[in-house]
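Chemist: Following this message is one structure expressed as structure tokens.
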């Protein structure tokens, strides 16, 4: 496809030729702003196999790909322990960088990358896709509207599968992955910081699987500066067909539930008056609405946290996507993130929804939680 008028085609090189790398090349060949030109992996045969499948050049090493004059954007999709060195090399070579999460294994490394990218005026983007979910954007609109009062507590429960994570997988080695809080938790630390602002990890623990060296369950608490108490649980111990997750946000006059780490359902529940219902109808973009209870105008006011509220109904707003669309939803999130970042390259006045500094702050929270768990 020809690009839109005025848009540059960015030449893309991929480092990391595993299953996710295959997914990325398959998606990008349907985008008109990006042209894949090369791939690389520490295992040259993996690069050659993927290059043959997509008709691109295979480089013998990641460093060779970074040096290629016809590569504008380097996508780092290798294990986390390699992210800092590869991103640093790409930035120093004047390349734009898209890095899989986490940006680095610690906040010091992440901050150095941010500073280097700013100094060289190159893009440093991290694949934190959750901000681009229409459902999670709706949840933010509901929270920010104040219609249901202040947020008080939020938690994320992640019951993840381990069928495709054998005992020798790099995921289980904290020297390579950073551990659950850094390798996986950064997605959700970033999301909740977007919703609630800055916070600090105040408690954390993790548990080791019996007779193994695998830490497969981790939990932490974060206290946000606006008074929200957050909690995150990640367990990698489920069958593939039971992989599931959900968020809950408690507000003064209601709650929000999101189902799926790739969000597939959103339910908003609360007590409102007529003006509040209209505001939530607008925030929720006229989703399916159910009035659970109707109250007479002269009924006794509701009270919470020492305040009185006149309400006329308790209602629910819901939206659910078919489960079979999950893969397509993730593709849409990745595409939205990439287009948003490329918009900055085409127009530096554009403000992306996600900045590299946000990714560095997510690493900082993950590092705090990991340190608390160790102590």
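Chemist: Scanning segment 52-62 for residues that are farther than 26 Å from residue 109 by Cα and in contact (Cβ under 8 Å) with a residue 24 or more places away in the chain, which turns out surrounded by the fewest Cβ atoms within 10 Å (Cβ to Cβ)? Steps first, answer last, please.
Modeler: Start the filter on segment 52-62 by keeping residues that are farther than 26 Å from residue 109 by Cα, which leaves 52-60.
Pick out the ones that are also in contact (Cβ under 8 Å) with a residue 24 or more places away in the chain and you get 53-54, 56, 59.
Numbers: 53: 13, 54: 15, 56: 20, 59: 24.
Checked segment 52-62; the qualifying residue surrounded by the fewest Cβ atoms within 10 Å (Cβ to Cβ) is 53.
Chemist: Taking segment 352-375 only, how many residues are over 17 Å from residue 111 (Cβ atoms) and within 18 Å of the chain's Cα centre (by Cα)?
Modeler: Within segment 352-375, residues that are over 17 Å from residue 111 (Cβ atoms) and within 18 Å of the chain's Cα centre (by Cα) number 3.
Chemist: Also, quick follow-up: Please specify each residue of segment 195-222 satisfying the condition of being closer than 22 Å to residue 140 by Cβ and surrounded by fewer than 20 Cβ atoms within 10 Å (Cβ to Cβ).
Modeler: 197, 198, 200, 221
Chemist: Against the conditions (1) within 22 Å of residue 140 (Cα to Cα); (2) assigned to a loop (DSSP other than H, G, I, E, B); (3) without any contact (Cβ under 8 Å) to a residue 60 or more places away in the chain, where does residue 285 fall short? Just the number, please.
Modeler: (3)
Chemist: Identify, please: which residue in segment 246-258 is touching a helix residue (DSSP H, G or I) at 6+ places or on another chain (Cβ under 9 Å) and not in a loop (DSSP other than H, G, I, E, B) and is, among those, farthest from residue 179 (Cα to Cα)?
Modeler: Initial filter on segment 246-258 (touching a helix residue (DSSP H, G or I) at 6+ places or on another chain (Cβ under 9 Å)): 247, 249, 251, 253-254, 256, 258.
Next cut, not in a loop (DSSP other than H, G, I, E, B) only: 247, 249, 251, 254, 256, 258.
Working: 247: 21, 249: 26, 251: 31, 254: 34, 256: 29, 258: 25 Å.
Among those that are touching a helix residue (DSSP H, G or I) at 6+ places or on another chain (Cβ under 9 Å) and not in a loop (DSSP other than H, G, I, E, B), it is 254.
Chemist: Can you tell me which residues in segment 68-83 are over 13 Å from residue 16 (Cβ atoms) and either touching a helix residue (DSSP H, G or I) at 6+ places or on another chain (Cβ under 9 Å) or surrounded by 24 or more Cβ atoms within 10 Å (Cβ to Cβ) (or both)? I'd like the intermediate steps shown before the answer.
Modeler: Start the filter on segment 68-83 by keeping residues that are over 13 Å from residue 16 (Cβ atoms), which leaves 68-73.
Listed by number, the residues that qualify are 71, 72, 73.
Chemist: Same structure, new question: Quick test for you: out of 65, 98, 86, pick the one residue that is touching a residue at least 60 places away in the same chain (Cβ under 8 Å), buried (at least 21 other Cβ atoms within 10 Å of the Cβ) and more than 19 Å from the chain's Cα centre (by Cα).
Modeler: Selected residue: 86, the only one of 65, 98, 86 that is touching a residue at least 60 places away in the same chain (Cβ under 8 Å), buried (at least 21 other Cβ atoms within 10 Å of the Cβ) and more than 19 Å from the chain's Cα centre (by Cα).
Chemist: If we scan segment 155-168, do we find a residue that is modelled with pLDDT of 95 or more, assigned to a helix (DSSP H, G or I) and surrounded by 20 or more Cβ atoms within 10 Å (Cβ to Cβ)?
Modeler: no
Chemist: Could you tell me whether segment 312-333 includes any residue that is under 19 Å from residue 97 (Cα atoms), at pLDDT 90 or above, part of a helix (DSSP H, G or I) and within 21 Å of the chain's Cα centre (by Cα)?
Modeler: Narrowing segment 312-333 to residues under 19 Å from residue 97 (Cα atoms): 333.
So of that shortlist, the ones also at pLDDT 90 or above come out as 333.
Adding the requirement that they be part of a helix (DSSP H, G or I) leaves 333.
Remaining after also requiring within 21 Å of the chain's Cα centre (by Cα): 333.
Within segment 312-333, one or more residues are under 19 Å from residue 97 (Cα atoms), at pLDDT 90 or above, part of a helix (DSSP H, G or I) and within 21 Å of the chain's Cα centre (by Cα).
The values are calculated or read from the model by the stated rules, or taken from the named source; none is laboratory data. Keep in mind that what you see is a predicted model, and the values were worked out from it rather than measured. Note that each Cβ is placed from the backbone with ideal geometry, even for glycine, and that neighbours are counted across all protein chains shown.
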